[in-house]
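Visitor: Below is the structure I would like to discuss, written out as structure tokens.
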């Protein structure tokens, strides 16, 4: 089987590399070939030079969009051109069985593929952008555009993969799509993300995430202000000036570690007892899953995405407000929590390891490839087996 993976609009392998996501993403498709003989071609918003990034893998290929579609410095021009991507790369996809989106955002580019060809379309939603936009104020036209595109692509797609039951329920209720949605969470390489004997820090906590509104780091800073602990931040979007202001405002010791390649993250997680997430909402949060796999005690807000992974008091903690977070941090910063740590590790190994996740997706890929009628639905037995 040969699949094409359409990257999120404006995303590329080079950006994956820069943000530290490249190795994690490529690992999945390398092993799809090794285990199930599934070849992958990436449709990337990059240049021809990206071919060097995967040149060592004969079963991976890339179609760099901006070698076909001249790059413009104006966003609106790049956006409009993306609708006509079909005319530029259709010939490169002759031997492709299925076109799979890496995320929902950008799938408007697939409308013409579905209209002019018989290619099967598999939509993957690691998160549902319309669901997330409901938490945002304003952005009226963006919300309308996103819902319209999503409605069309959900209807014409052959199948949909989502990472959580919350997302599945939202799509079914909002877009009236049923019987062609399978739940397949994000995977964790449990052979890499596991506990080690690295010495852990005392009085230090870890936050992983970009500096964006929905990550809501101010929630965490309010919770730990004036406490005799250090906060280590790993992610993008923070500036030296910004962190100096936060240190003074909250009287906290803050260390900024910057973006880190995913292959180095197991060593990072293993140095901390507590991992904190204060997002307003999540999809199926990879960093939380990775931290749990390494034995961190994860404390997160009781919000969508986090509460589908964490059972409060069993494999982590869920909090409602920053005072509750402050109390739990103070109580557990020096506590060993062996039982909770063991529960978290076991939970990830049983539910999210690569072997389980890749097997589920391969079954969906085979079903979609062999499906004769686009209106057919996934078999009852297979659908039931898609749940944990």
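Visitor: Can you sort 14, 49, 358 from fewest to most other Cβ atoms within 10 Å of each residue's own Cβ? Display every interim value, and only then the final one.
Guide: Numbers: 14 17, 49 11, 358 20.
Starting with the residue having the fewest Cβ neighbours, the order is 49, 14, 358.
Visitor: Using the number of other C-beta atoms within 10 angstrom as an exposure proxy, rank 6, 243, 365 with the fewest first.
Guide: On the way: 6 29, 243 15, 365 22.
Fewest-to-most Cβ neighbours within 10 Å comes out as 243, 365, 6.
Visitor: Starting with the highest mean, order 114-120, 69-75, 349-355 by the number of other Cβ atoms within 10 Å, averaged over the residues of each peptide. Don't jump to the answer; show the numbers that get you there.
Guide: Values: 114-120: 14.4, 69-75: 10.9, 349-355: 16.1.
Peptide ranking by packing, descending: 349-355, 114-120, 69-75.
Visitor: Could I ask something else about it? Compute the angle between helix 322-332 and the longest alpha-carbon principal axis of the chain, please, reported from 0 to 90 degrees and rounded to the nearest 10.
Guide: Between the helix axis and the principal axis of the chain, the angle is about 70 degrees.
Visitor: Would you kindly state how much longer the chain becomes between residue 172 and residue 351 on full extension, computed as 0.36 nm times their sequence separation minus their alpha carbon distance, in nm to one decimal? Don't jump to the answer; show the numbers that get you there.
Guide: Numbers: separation 179, 0.36 × 179 = 64.44 nm, distance 2.38 nm.
Gain in length upon complete extension: 62.1 nm.
Visitor: Build a GNM of the chain with springs between Cα atoms under 10 Å: which of 139, 178, 286 gets the top mean-square fluctuation?
Guide: 139
Visitor: Using a simple spin-label model with points 7 Å from Cα along the Cα→Cβ vector, what separation in nm is obtained for residue 59 and residue 335?
Guide: Taking the two extended label points, one gets 4.6 nm.
Visitor: If you don't mind, there's one more thing I want to ask. Ranked by Cβ crowding within 10 angstrom, fewest neighbours first, how are 290, 214 ordered? Each step should come with its number before you reach the end.
Guide: Values: 290 27, 214 15.
Taking fewest neighbouring Cβ atoms as first place, the list is 214, 290.
Visitor: Can you classify the range 162-298 as rounded, prolate or oblate using the Cα gyration tensor, where a ≥ b ≥ c are the square roots of its eigenvalues, rounded means a/c under 1.5, and otherwise it's prolate if a/b beats b/c and oblate if not? Before the final figure, lay out each step's value.
Guide: Working: a/c = 2.53, a/b = 1.49, b/c = 1.70.
Since a/c reaches 1.5 but b/c is at least a/b, the shape of the range 162-298 is classed as oblate.
Visitor: Most fluctuating residue of 320, 341, 271 in a GNM of the chain with Cα springs under 10 Å: which is it?
Guide: 320
Visitor: Of 58, 21, 327, which has the largest mean-square fluctuation in a 10 Å C-alpha GNM of the chain?
Guide: Looking only at 58, 21, 327, the biggest GNM fluctuation is shown by 58.
Visitor: Within the range 189-228, what residues put their amide N at less than 17 Å from the label point 7 Å along the Cα-to-Cβ vector of residue 142?
Guide: Only 210-216 fall inside the zone, counting backbone N under 17 Å.
Visitor: Once fully extended, how much extra length lies between residue 68 and residue 47, figured as 0.36 nm per residue of separation less the alpha-carbon to alpha-carbon distance? Provide the component values of the computation, followed by the final result.
Guide: Details: separation 21, 0.36 × 21 = 7.56 nm, distance 0.89 nm.
The span from residue 68 to residue 47 would gain 6.7 nm if fully extended.
Visitor: Right, another one. Rounded if a/c is under 1.5, else prolate if a/b is larger than b/c, else oblate: which is the range 71-197, with a ≥ b ≥ c the root eigenvalues of its Cα gyration tensor? Don't skip to the answer; put the middle values down first.
Guide: Details: a/c = 1.44, a/b = 1.23, b/c = 1.17.
Rounded, because the longest to shortest axis ratio a/c is under 1.5.
Visitor: Assign one of three labels to the range 116-163, namely rounded, prolate or oblate, based on the Cα gyration tensor with a ≥ b ≥ c the square roots of its eigenvalues; rounded applies when a/c is under 1.5, prolate when it is not and a/b is larger than b/c, and oblate otherwise. Walk me through the intermediate numbers first.
Guide: Numbers: a/c = 4.18, a/b = 1.78, b/c = 2.35.
Because a/c hits 1.5 or more and a/b fails to exceed b/c, the range 116-163 counts as oblate.
Visitor: Can you give me the C-alpha center-to-center distance between the range 120-161 and the range 183-250, rounded to a whole angstrom?
Guide: Between the Cα centres of the range 120-161 and the range 183-250 lies a distance of 29 Å.
Visitor: If you find the alpha carbon centre of the range 44-74 and of the range 300-369, how far apart are they in angstrom?
Guide: Here the answer is 35 Å between Cα centres.
Rule-based calculations on the coordinates, nothing more; no lab input. Just so it is clear, the structure is predicted and the values come from calculations on it, not from any experiment. With ideal geometry, Cβ positions are generated from the backbone for all residues, glycine too; neighbour counts draw on all protein chains shown.
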